[in-house]
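Just below is one structure, and these are the notes that go with it.
The values are calculated or read from the model by the stated rules, or taken from the named source; none is laboratory data. The shown structure was predicted, so the numbers you read here are calculated from the model rather than taken from an experiment. We place every Cβ from the backbone using ideal geometry, glycine too, and count neighbours over all the protein chains shown. Surface areas here come from the heavy atoms of the whole protein model, side chains and all, with no ligands, DNA or RNA. Shrake-Rupley method; radii C 1.70, N 1.55, O 1.52, S 1.80 Å.
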Amino acid sequence: MVRKSTDILISGGGVAGLTAAIAFGEAGFDVLCVDPSAPVTDRQSAGADMRSTAFLMPSVELFQDIGLWDRLQPYAAALQIMRIADAGGVAGDARMTRDFDAAELSEHPFGYNLPNWLLRREMVAHLANLPNVTFSAGVSTTQITPRETEALVTLSDSTSWRARLLIGADGRDSNVRQAAGIPVKTTRYGQKALAFTTTHPIPHHNVSTEVHRSGGPFTMVPLPDHDGLPASAVVWMEEGHEIARLAALPQPAFEAEMNLRACHILGPMTRTSPLTIWPIISQIATRMSAQRIALMAEAAHVVPPIGAQGLNMSLADLATLRDLALADHADLGSAKMLDAYHNRRHREVQARVAGIDALNRASMMGAPVLRDLRASLLGALYSAAPVRKTLMKAGLGLR
Ligand SMILES: Cc1cc2nc3c(=O)[nH]c(=O)nc-3n(C[C@H](O)[C@H](O)[C@H](O)COP(=O)(O)OP(=O)(O)OC[C@H]3O[C@@H](n4cnc5c(N)ncnc54)[C@H](O)[C@@H]3O)c2cc1C
(Lines give C-alpha, C1' and ligand atoms only; values in the text may rest on other atoms or scores of the structure.)
Protein backbone atom coordinates (compact mmCIF):
# COMPACT_ATOMS: atom_id res chain seq x y z
CA MET A 1 0.00 0.00 0.00
CA VAL A 2 1.36 3.45 -0.93
CA ARG A 3 1.11 5.88 1.95
CA LYS A 4 1.34 9.63 1.46
CA SER A 5 2.94 11.79 4.15
CA THR A 6 1.96 14.98 5.88
CA ASP A 7 3.15 16.77 8.99
CA ILE A 8 -0.32 17.14 10.47
CA LEU A 9 -3.61 15.42 9.68
CA ILE A 10 -6.66 17.14 11.18
CA SER A 11 -9.77 15.00 11.49
CA GLY A 12 -12.74 17.41 11.46
CA GLY A 13 -13.36 20.64 9.60
CA GLY A 14 -15.75 22.35 12.01
CA VAL A 15 -14.85 25.86 13.16
CA ALA A 16 -12.14 24.43 15.45
CA GLY A 17 -10.59 22.13 12.80
CA LEU A 18 -10.60 24.84 10.13
CA THR A 19 -8.92 27.31 12.50
CA ALA A 20 -6.32 24.68 13.34
CA ALA A 21 -5.65 24.06 9.62
CA ILE A 22 -5.03 27.78 9.12
CA ALA A 23 -2.89 28.16 12.25
CA PHE A 24 -0.59 25.24 11.39
CA GLY A 25 -0.54 26.18 7.70
CA GLU A 26 0.52 29.73 8.59
CA ALA A 27 3.19 28.22 10.89
CA GLY A 28 4.71 26.45 7.86
CA PHE A 29 3.57 22.85 8.42
CA ASP A 30 2.08 20.63 5.71
CA VAL A 31 -1.52 20.02 6.71
CA LEU A 32 -4.35 17.80 5.51
CA CYS A 33 -7.78 18.52 7.04
CA VAL A 34 -10.70 16.20 6.27
CA ASP A 35 -14.42 16.34 7.01
CA PRO A 36 -17.26 14.09 5.79
CA SER A 37 -19.46 17.10 4.99
CA ALA A 38 -18.74 20.23 3.00
CA PRO A 39 -19.04 23.36 5.19
CA VAL A 40 -22.27 25.30 4.64
CA THR A 41 -21.06 28.83 3.91
CA ASP A 42 -24.33 30.66 3.18
CA ARG A 43 -26.93 31.61 5.82
CA GLN A 44 -29.84 30.79 3.47
CA SER A 45 -28.75 27.21 2.69
CA ALA A 46 -30.14 24.11 4.39
CA GLY A 47 -27.90 23.02 7.26
CA ALA A 48 -26.44 26.50 7.89
CA ASP A 49 -25.10 26.80 11.45
CA MET A 50 -27.20 29.68 12.82
CA ARG A 51 -25.24 29.84 16.07
CA SER A 52 -22.84 32.67 16.62
CA THR A 53 -19.64 32.60 18.61
CA ALA A 54 -18.64 35.26 21.07
CA PHE A 55 -14.85 35.27 20.79
CA LEU A 56 -13.14 36.58 23.92
CA MET A 57 -9.95 38.62 23.51
CA PRO A 58 -7.42 35.73 23.71
CA SER A 59 -9.22 34.11 20.75
CA VAL A 60 -9.21 37.40 18.84
CA GLU A 61 -5.46 37.65 19.47
CA LEU A 62 -5.00 34.16 18.01
CA PHE A 63 -7.00 35.19 14.91
CA GLN A 64 -4.74 38.26 14.60
CA ASP A 65 -1.63 36.08 14.91
CA ILE A 66 -2.70 33.69 12.16
CA GLY A 67 -3.77 36.42 9.74
CA LEU A 68 -7.54 35.77 9.94
CA TRP A 69 -8.75 38.77 11.89
CA ASP A 70 -8.65 41.28 9.02
CA ARG A 71 -11.14 39.07 7.17
CA LEU A 72 -13.44 38.61 10.17
CA GLN A 73 -13.44 42.05 11.75
CA PRO A 74 -15.82 43.72 9.22
CA TYR A 75 -18.56 41.25 10.25
CA ALA A 76 -17.93 41.27 14.01
CA ALA A 77 -20.08 42.95 16.67
CA ALA A 78 -18.19 44.15 19.76
CA LEU A 79 -19.27 42.93 23.21
CA GLN A 80 -18.73 45.82 25.61
CA ILE A 81 -21.11 44.94 28.43
CA MET A 82 -22.22 41.53 29.70
CA ARG A 83 -25.58 41.93 31.46
CA ILE A 84 -27.04 39.25 33.72
CA ALA A 85 -30.77 39.46 34.49
CA ASP A 86 -32.87 37.29 36.73
CA ALA A 87 -36.45 36.77 35.54
CA GLY A 88 -37.49 34.22 38.15
CA GLY A 89 -40.39 36.31 39.51
CA VAL A 90 -43.38 37.54 37.48
CA ALA A 91 -43.23 36.26 33.87
CA GLY A 92 -41.83 38.89 31.51
CA ASP A 93 -40.22 40.93 34.29
CA ALA A 94 -36.42 41.17 34.68
CA ARG A 95 -36.39 41.80 38.43
CA MET A 96 -32.62 42.05 38.91
CA THR A 97 -29.92 43.04 36.46
CA ARG A 98 -26.19 43.41 36.93
CA ASP A 99 -23.65 44.69 34.40
CA PHE A 100 -20.06 43.74 33.73
CA ASP A 101 -18.48 46.55 31.72
CA ALA A 102 -15.22 45.67 29.95
CA ALA A 103 -14.12 49.29 30.50
CA GLU A 104 -13.56 48.39 34.19
CA LEU A 105 -10.68 46.15 33.10
CA SER A 106 -9.21 47.45 29.89
CA GLU A 107 -9.69 49.67 26.86
CA HIS A 108 -10.80 46.61 24.84
CA PRO A 109 -14.27 45.08 24.71
CA PHE A 110 -14.79 41.56 26.16
CA GLY A 111 -14.66 40.20 22.65
CA TYR A 112 -16.52 40.07 19.35
CA ASN A 113 -19.48 38.03 18.12
CA LEU A 114 -19.54 36.39 14.67
CA PRO A 115 -22.06 34.08 12.96
CA ASN A 116 -20.76 30.49 12.63
CA TRP A 117 -21.81 30.07 8.96
CA LEU A 118 -19.80 33.23 8.12
CA LEU A 119 -16.75 31.96 10.02
CA ARG A 120 -16.79 28.85 7.84
CA ARG A 121 -17.10 30.95 4.66
CA GLU A 122 -14.16 33.16 5.56
CA MET A 123 -12.01 30.28 6.82
CA VAL A 124 -12.53 28.18 3.70
CA ALA A 125 -11.67 31.24 1.55
CA HIS A 126 -8.52 31.85 3.60
CA LEU A 127 -7.41 28.22 3.27
CA ALA A 128 -7.45 28.55 -0.51
CA ASN A 129 -4.46 30.93 -0.15
CA LEU A 130 -2.34 28.43 1.79
CA PRO A 131 -0.55 26.10 -0.66
CA ASN A 132 0.72 23.82 2.14
CA VAL A 133 -2.82 23.09 3.41
CA THR A 134 -5.31 20.75 1.76
CA PHE A 135 -8.91 20.72 2.91
CA SER A 136 -10.82 17.64 1.69
CA ALA A 137 -14.58 17.86 2.21
CA GLY A 138 -16.57 14.65 1.78
CA VAL A 139 -13.78 12.55 3.32
CA SER A 140 -13.60 11.08 6.82
CA THR A 141 -10.96 9.30 8.88
CA THR A 142 -11.86 5.61 9.05
CA GLN A 143 -8.88 3.74 10.46
CA ILE A 144 -6.19 4.99 12.81
CA THR A 145 -3.05 3.15 13.91
CA PRO A 146 -0.69 5.15 16.10
CA ARG A 147 3.02 4.20 15.93
CA GLU A 148 5.98 5.62 17.78
CA THR A 149 7.13 7.91 14.97
CA GLU A 150 3.86 8.59 13.15
CA ALA A 151 0.12 7.94 13.04
CA LEU A 152 -1.08 5.76 10.16
CA VAL A 153 -4.48 6.96 8.97
CA THR A 154 -6.83 5.54 6.36
CA LEU A 155 -9.49 7.81 4.88
CA SER A 156 -12.92 7.04 3.41
CA ASP A 157 -11.56 7.84 -0.09
CA SER A 158 -9.27 4.80 0.38
CA THR A 159 -6.08 6.86 0.59
CA SER A 160 -3.60 6.08 3.37
CA TRP A 161 -1.46 8.62 5.18
CA ARG A 162 1.45 8.92 7.59
CA ALA A 163 1.18 11.96 9.87
CA ARG A 164 3.65 13.07 12.52
CA LEU A 165 0.68 14.46 14.42
CA LEU A 166 -2.99 13.50 14.16
CA ILE A 167 -5.35 16.12 15.60
CA GLY A 168 -8.82 14.97 16.63
CA ALA A 169 -11.09 17.97 16.05
CA ASP A 170 -13.93 15.69 15.03
CA GLY A 171 -16.53 16.77 17.57
CA ARG A 172 -18.19 15.29 20.65
CA ASP A 173 -18.40 11.73 19.23
CA SER A 174 -14.78 11.88 18.04
CA ASN A 175 -13.63 8.90 16.02
CA VAL A 176 -10.01 9.77 16.83
CA ARG A 177 -10.70 9.79 20.57
CA GLN A 178 -12.37 6.38 20.35
CA ALA A 179 -9.52 4.96 18.27
CA ALA A 180 -7.09 6.21 20.92
CA GLY A 181 -9.16 4.47 23.62
CA ILE A 182 -9.60 7.68 25.64
CA PRO A 183 -12.75 7.52 27.83
CA VAL A 184 -15.03 10.50 28.49
CA LYS A 185 -17.13 11.58 31.44
CA THR A 186 -20.51 12.84 30.24
CA THR A 187 -23.23 14.76 32.15
CA ARG A 188 -26.70 15.03 30.64
CA TYR A 189 -29.08 17.76 31.81
CA GLY A 190 -32.19 16.87 29.77
CA GLN A 191 -31.83 20.34 28.23
CA LYS A 192 -31.67 21.54 24.65
CA ALA A 193 -30.93 24.94 23.13
CA LEU A 194 -32.64 26.80 20.33
CA ALA A 195 -30.28 29.01 18.32
CA PHE A 196 -31.58 31.62 15.88
CA THR A 197 -31.21 35.28 14.86
CA THR A 198 -33.51 38.23 15.44
CA THR A 199 -33.97 41.90 14.65
CA HIS A 200 -35.42 44.38 17.14
CA PRO A 201 -36.31 48.08 17.40
CA ILE A 202 -34.15 48.92 20.45
CA PRO A 203 -30.38 48.97 19.65
CA HIS A 204 -28.30 46.52 21.69
CA HIS A 205 -25.51 49.08 22.28
CA ASN A 206 -23.02 46.17 22.28
CA VAL A 207 -24.59 44.70 25.42
CA SER A 208 -24.88 40.90 25.61
CA THR A 209 -27.76 39.94 27.95
CA GLU A 210 -28.32 36.61 29.73
CA VAL A 211 -31.84 36.35 31.19
CA HIS A 212 -32.09 33.57 33.79
CA ARG A 213 -35.33 31.75 34.56
CA SER A 214 -35.85 28.06 35.32
CA GLY A 215 -34.98 25.78 32.39
CA GLY A 216 -31.79 27.66 31.59
CA PRO A 217 -30.64 31.07 30.35
CA PHE A 218 -32.04 33.03 27.40
CA THR A 219 -29.10 34.89 25.88
CA MET A 220 -29.15 37.76 23.38
CA VAL A 221 -25.76 38.45 21.79
CA PRO A 222 -25.15 41.51 19.57
CA LEU A 223 -24.76 41.07 15.81
CA PRO A 224 -24.09 43.77 13.21
CA ASP A 225 -27.31 45.31 11.82
CA HIS A 226 -29.40 43.10 9.52
CA ASP A 227 -31.39 44.80 6.72
CA GLY A 228 -30.82 48.14 8.45
CA LEU A 229 -32.21 46.95 11.81
CA PRO A 230 -30.41 46.18 15.09
CA ALA A 231 -29.83 42.43 15.27
CA SER A 232 -28.97 39.82 17.89
CA ALA A 233 -28.26 36.11 18.00
CA VAL A 234 -30.35 34.22 20.54
CA VAL A 235 -29.56 31.03 22.45
CA TRP A 236 -32.61 29.81 24.39
CA MET A 237 -32.05 26.89 26.74
CA GLU A 238 -34.94 24.88 28.21
CA GLU A 239 -35.78 21.30 29.12
CA GLY A 240 -35.97 19.09 26.02
CA HIS A 241 -39.78 18.69 25.98
CA GLU A 242 -40.26 22.48 26.24
CA ILE A 243 -37.85 23.06 23.33
CA ALA A 244 -39.85 20.55 21.23
CA ARG A 245 -43.07 22.45 22.07
CA LEU A 246 -41.54 25.85 21.24
CA ALA A 247 -40.01 24.65 17.98
CA ALA A 248 -43.42 23.36 16.81
CA LEU A 249 -45.20 26.72 17.35
CA PRO A 250 -46.20 28.87 14.36
CA GLN A 251 -43.94 31.95 14.08
CA PRO A 252 -46.37 34.53 15.67
CA ALA A 253 -46.98 32.29 18.72
CA PHE A 254 -43.25 31.55 18.95
CA GLU A 255 -42.41 35.25 18.83
CA ALA A 256 -44.99 36.05 21.55
CA GLU A 257 -43.36 33.49 23.89
CA MET A 258 -39.86 34.61 22.89
CA ASN A 259 -40.65 38.26 23.71
CA LEU A 260 -42.09 37.33 27.11
CA ARG A 261 -38.99 35.22 27.86
CA ALA A 262 -36.74 38.11 26.72
CA CYS A 263 -38.59 40.42 29.15
CA HIS A 264 -39.06 42.83 26.19
CA ILE A 265 -35.54 44.16 26.84
CA LEU A 266 -34.88 44.93 23.15
CA GLY A 267 -38.52 45.69 22.27
CA PRO A 268 -40.59 43.31 20.11
CA MET A 269 -38.09 40.98 18.44
CA THR A 270 -38.66 39.34 15.04
CA ARG A 271 -37.08 35.97 14.24
CA THR A 272 -35.05 36.23 11.02
CA SER A 273 -33.66 32.70 10.66
CA PRO A 274 -34.84 29.10 10.96
CA LEU A 275 -34.55 27.49 14.40
CA THR A 276 -31.71 25.09 15.04
CA ILE A 277 -31.80 22.73 18.02
CA TRP A 278 -28.71 21.66 20.00
CA PRO A 279 -28.58 19.01 22.74
CA ILE A 280 -26.85 20.28 25.89
CA ILE A 281 -24.29 18.16 27.73
CA SER A 282 -21.04 18.52 29.61
CA GLN A 283 -18.30 16.14 28.58
CA ILE A 284 -14.61 15.83 29.26
CA ALA A 285 -12.04 13.39 27.91
CA THR A 286 -9.81 11.87 30.60
CA ARG A 287 -6.74 12.81 28.53
CA MET A 288 -6.04 15.40 25.86
CA SER A 289 -3.45 13.26 24.07
CA ALA A 290 -2.28 9.76 23.18
CA GLN A 291 0.58 8.39 21.07
CA ARG A 292 0.90 10.78 18.05
CA ILE A 293 -2.62 12.12 18.79
CA ALA A 294 -3.87 15.42 20.23
CA LEU A 295 -7.55 15.98 20.99
CA MET A 296 -8.93 19.50 20.81
CA ALA A 297 -12.24 21.34 20.97
CA GLU A 298 -15.43 19.28 21.40
CA ALA A 299 -13.50 16.05 20.86
CA ALA A 300 -11.90 16.86 24.25
CA HIS A 301 -14.53 18.95 26.06
CA VAL A 302 -18.16 20.03 25.65
CA VAL A 303 -19.89 22.61 27.86
CA PRO A 304 -23.36 24.18 27.87
CA PRO A 305 -23.39 27.51 25.99
CA ILE A 306 -23.05 29.77 29.03
CA GLY A 307 -20.43 32.50 29.36
CA ALA A 308 -19.10 31.93 25.80
CA GLN A 309 -16.58 29.31 26.88
CA GLY A 310 -16.84 26.36 24.41
CA LEU A 311 -14.99 27.47 21.32
CA ASN A 312 -12.85 29.88 23.31
CA MET A 313 -11.49 26.90 25.28
CA SER A 314 -10.93 25.17 21.93
CA LEU A 315 -8.86 28.03 20.60
CA ALA A 316 -6.82 27.98 23.82
CA ASP A 317 -6.13 24.28 23.06
CA LEU A 318 -5.02 25.28 19.59
CA ALA A 319 -2.79 28.14 20.75
CA THR A 320 -1.04 25.77 23.19
CA LEU A 321 -0.51 23.07 20.55
CA ARG A 322 0.73 25.58 18.01
CA ASP A 323 3.17 27.18 20.46
CA LEU A 324 4.58 23.75 21.38
CA ALA A 325 4.94 22.83 17.70
CA LEU A 326 6.67 26.13 16.90
CA ALA A 327 9.06 25.77 19.85
CA ASP A 328 10.60 22.69 18.21
CA HIS A 329 9.51 21.78 14.65
CA ALA A 330 11.48 18.52 14.76
CA ASP A 331 9.63 17.43 17.90
CA LEU A 332 6.16 17.65 16.32
CA GLY A 333 3.92 14.89 17.69
CA SER A 334 6.53 13.45 20.08
CA ALA A 335 5.54 12.02 23.46
CA LYS A 336 7.30 14.98 25.11
CA MET A 337 5.29 17.53 23.15
CA LEU A 338 1.98 15.75 23.66
CA ASP A 339 2.51 15.21 27.40
CA ALA A 340 3.27 18.92 27.70
CA TYR A 341 0.04 19.68 25.81
CA HIS A 342 -2.02 17.48 28.12
CA ASN A 343 -0.39 18.94 31.23
CA ARG A 344 -0.89 22.55 30.14
CA ARG A 345 -4.53 22.17 29.14
CA HIS A 346 -6.29 19.42 31.06
CA ARG A 347 -6.44 20.97 34.53
CA GLU A 348 -7.68 24.29 33.13
CA VAL A 349 -10.30 22.50 31.00
CA GLN A 350 -11.47 20.50 34.03
CA ALA A 351 -11.92 23.70 36.05
CA ARG A 352 -13.90 25.42 33.30
CA VAL A 353 -16.14 22.40 32.67
CA ALA A 354 -16.88 22.21 36.42
CA GLY A 355 -17.57 25.98 36.61
CA ILE A 356 -19.97 26.00 33.65
CA ASP A 357 -21.71 22.90 35.02
CA ALA A 358 -22.32 24.76 38.33
CA LEU A 359 -23.62 27.87 36.52
CA ASN A 360 -25.96 25.77 34.41
CA ARG A 361 -27.35 23.94 37.43
CA ALA A 362 -27.92 27.30 39.17
CA SER A 363 -29.65 28.67 36.10
CA MET A 364 -31.96 25.63 35.89
CA MET A 365 -33.25 26.03 39.46
CA GLY A 366 -37.03 25.84 39.17
CA ALA A 367 -38.71 26.04 42.58
CA PRO A 368 -39.57 29.66 43.60
CA VAL A 369 -37.45 29.52 46.76
CA LEU A 370 -34.44 28.38 44.71
CA ARG A 371 -35.10 31.04 42.09
CA ASP A 372 -35.10 33.70 44.82
CA LEU A 373 -31.85 32.26 46.14
CA ARG A 374 -30.37 32.49 42.63
CA ALA A 375 -31.44 36.14 42.31
CA SER A 376 -29.91 37.12 45.63
CA LEU A 377 -26.75 35.10 44.96
CA LEU A 378 -26.32 36.75 41.57
CA GLY A 379 -26.99 40.14 43.14
CA ALA A 380 -24.46 39.61 45.92
CA LEU A 381 -21.80 38.19 43.60
CA TYR A 382 -21.98 40.93 41.04
CA SER A 383 -22.19 43.77 43.55
CA ALA A 384 -18.85 42.98 45.21
CA ALA A 385 -16.25 44.73 43.03
CA PRO A 386 -13.29 42.35 43.65
CA VAL A 387 -15.46 39.27 42.99
CA ARG A 388 -16.91 40.90 39.90
CA LYS A 389 -13.46 41.75 38.55
CA THR A 390 -12.18 38.23 39.21
CA LEU A 391 -15.18 36.76 37.38
CA MET A 392 -14.72 39.19 34.51
CA LYS A 393 -11.06 38.25 34.19
CA ALA A 394 -11.94 34.56 34.23
CA GLY A 395 -14.56 35.19 31.56
CA LEU A 396 -11.97 37.01 29.47
CA GLY A 397 -9.56 34.11 29.80
CA LEU A 398 -7.17 36.35 31.82
CA ARG A 399 -5.42 35.27 35.00
C1 LIG B 1 -26.23 26.99 20.94
C2 LIG B 1 -24.72 27.08 21.11
C3 LIG B 1 -24.10 28.32 21.21
C4 LIG B 1 -22.71 28.42 21.40
N5 LIG B 1 -22.12 29.65 21.55
C6 LIG B 1 -20.78 29.73 21.80
C7 LIG B 1 -20.13 31.00 22.02
O8 LIG B 1 -20.76 32.06 21.99
N9 LIG B 1 -18.79 31.00 22.27
C10 LIG B 1 -18.05 29.84 22.32
O11 LIG B 1 -16.84 29.90 22.55
N12 LIG B 1 -18.64 28.64 22.07
C13 LIG B 1 -19.97 28.56 21.83
N14 LIG B 1 -20.57 27.35 21.62
C15 LIG B 1 -19.73 26.16 21.52
C16 LIG B 1 -19.21 26.02 20.09
O17 LIG B 1 -20.21 26.28 19.14
C18 LIG B 1 -18.64 24.65 19.89
O19 LIG B 1 -17.60 24.49 20.82
C20 LIG B 1 -18.07 24.49 18.51
O21 LIG B 1 -18.98 24.78 17.50
C22 LIG B 1 -17.60 23.07 18.34
O23 LIG B 1 -16.75 23.07 17.27
P24 LIG B 1 -15.91 21.78 16.90
O25 LIG B 1 -15.20 22.16 15.65
O26 LIG B 1 -15.18 21.25 18.07
O27 LIG B 1 -17.02 20.65 16.64
P28 LIG B 1 -18.01 20.45 15.42
O29 LIG B 1 -18.57 21.72 14.93
O30 LIG B 1 -18.97 19.38 15.86
O31 LIG B 1 -17.06 19.89 14.27
C32 LIG B 1 -16.62 18.58 14.23
C33 LIG B 1 -16.46 18.20 12.77
O34 LIG B 1 -15.88 16.89 12.71
C35 LIG B 1 -16.43 16.23 11.62
N36 LIG B 1 -16.25 14.78 11.76
C37 LIG B 1 -17.01 13.89 12.46
N38 LIG B 1 -16.53 12.63 12.30
C39 LIG B 1 -15.43 12.72 11.49
C40 LIG B 1 -14.50 11.77 10.96
N41 LIG B 1 -14.60 10.45 11.21
N42 LIG B 1 -13.51 12.22 10.17
C43 LIG B 1 -13.39 13.55 9.90
N44 LIG B 1 -14.24 14.49 10.37
C45 LIG B 1 -15.25 14.08 11.16
C46 LIG B 1 -17.90 16.67 11.60
O47 LIG B 1 -18.47 16.53 10.32
C48 LIG B 1 -17.78 18.13 12.02
O49 LIG B 1 -17.72 19.01 10.91
C50 LIG B 1 -21.94 27.23 21.46
C51 LIG B 1 -22.57 25.98 21.35
C52 LIG B 1 -23.94 25.89 21.21
C53 LIG B 1 -24.60 24.53 21.16
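Out of the strands (runs of 3 or more DSSP E) lying entirely within the stretch 199-318, which hold 2 or more residues that are under 23 Å from Val349 (Cβ atoms)? Even if it seems obvious, please write down each step before you answer.
Numbers: elements: 207-213, 216-226, 229-239, 276-285, 293-295.
Here the list reads 216-226, 229-239, 276-285, 293-295.
Name the single residue that is most open to solvent (accessible area, probe 1.4 Å) among those in the stretch 30-40 being assigned to a loop (DSSP other than H, G, I, E, B) and within 13 Å of the ligand (Cβ to nearest atom). Before the answer, list the steps.
Of all residues in the stretch 30-40, those assigned to a loop (DSSP other than H, G, I, E, B) come to 30, 36-40.
Imposing the further condition that a residue be within 13 Å of the ligand (Cβ to nearest atom) reduces the set to 36-40.
Values: Pro36: 88, Ser37: 70, Ala38: 67, Pro39: 33, Val40: 41 Å².
Only one residue fits best here, namely Pro36.
Please work out if Leu321 is modelled with pLDDT of 95 or more and part of a helix (DSSP H, G or I). Lay out the reasoning, then the answer.
Details: modelled with pLDDT of 95 or more: yes; part of a helix (DSSP H, G or I): yes.
Here the answer is yes, as Leu321 does meet what is asked.
State which residue is farthest from Val34 (Cα to Cα) when the search covers only the stretch 2-20 and only residues that are open to solvent by 10 Å² or more (accessible area, probe 1.4 Å) and more than 8 Å from the ligand (Cβ to nearest atom).
Selected residue: Val2.
Could you please find all residues in the stretch 46-75 being assigned to a loop (DSSP other than H, G, I, E, B), within 15 Å of the ligand (Cβ to nearest atom) and open to solvent by 50 Å² or more (accessible area, probe 1.4 Å)?
Listed by number, the residues that qualify are Gly47, Arg51.
Working only within the stretch 154-198, note down all residues that are closer than 19 Å to His346 by Cα, in contact (Cβ under 8 Å) with a residue 12 or more places away in the chain and not in a strand (DSSP E or B).
Matches in the stretch 154-198: Ala169, Asp170, Gly171, Arg172, Ser174, Val176, Arg177, Ala180, Gly181, Ile182, Pro183.
Condition (residue is charged (D, E, K, R), within 12 Å of the ligand (Cβ to nearest atom) and within 22 Å of Phe29 (Cα to Cα)) applied to the stretch 316-337: is it met by at least one residue? Outline the logic, then answer.
Start the filter on the stretch 316-337 by keeping residues that are charged (D, E, K, R), which leaves 317, 322-323, 328, 331, 336.
Imposing the further condition that a residue be within 12 Å of the ligand (Cβ to nearest atom) reduces the set to 317.
Those left that are additionally within 22 Å of Phe29 (Cα to Cα): 317.
Looking for residues that are charged (D, E, K, R), within 12 Å of the ligand (Cβ to nearest atom) and within 22 Å of Phe29 (Cα to Cα), one finds at least one in the stretch 316-337, hence yes.
Condition check ((1) at pLDDT 95 or above; (2) near the ligand (Cβ under 9 Å from one of its atoms); (3) open to solvent by 40 Å² or more (accessible area, probe 1.4 Å); (4) touching a Cys at 6+ places or on another chain (Cβ under 7 Å)) across all residues:
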| position | (1), (2), (3), (4) |
| --- | --- |
| Pro224 | no, no, yes, no |
| Ser232 | yes, no, no, no |
| Glu242 | yes, no, yes, no |
| Ser273 | no, no, no, no |
| Thr276 | no, yes, no, no |
| Arg287 | yes, no, yes, no |
| Glu298 | yes, yes, yes, no |
| Gln309 | no, yes, no, no |
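Determine whether Arg292 is away from the ligand (no atom under 12 Å from the Cβ), open to solvent by 10 Å² or more (accessible area, probe 1.4 Å), touching a residue at least 60 places away in the same chain (Cβ under 8 Å) and on the phi > 0 side of the Ramachandran plot. Break it down into steps so the answer makes sense when it comes.
Numbers: away from the ligand (no atom under 12 Å from the Cβ): yes; open to solvent by 10 Å² or more (accessible area, probe 1.4 Å): yes; touching a residue at least 60 places away in the same chain (Cβ under 8 Å): yes; on the phi > 0 side of the Ramachandran plot: yes.
Against the criterion (away from the ligand (no atom under 12 Å from the Cβ), open to solvent by 10 Å² or more (accessible area, probe 1.4 Å), touching a residue at least 60 places away in the same chain (Cβ under 8 Å) and on the phi > 0 side of the Ramachandran plot), Arg292 qualifies.
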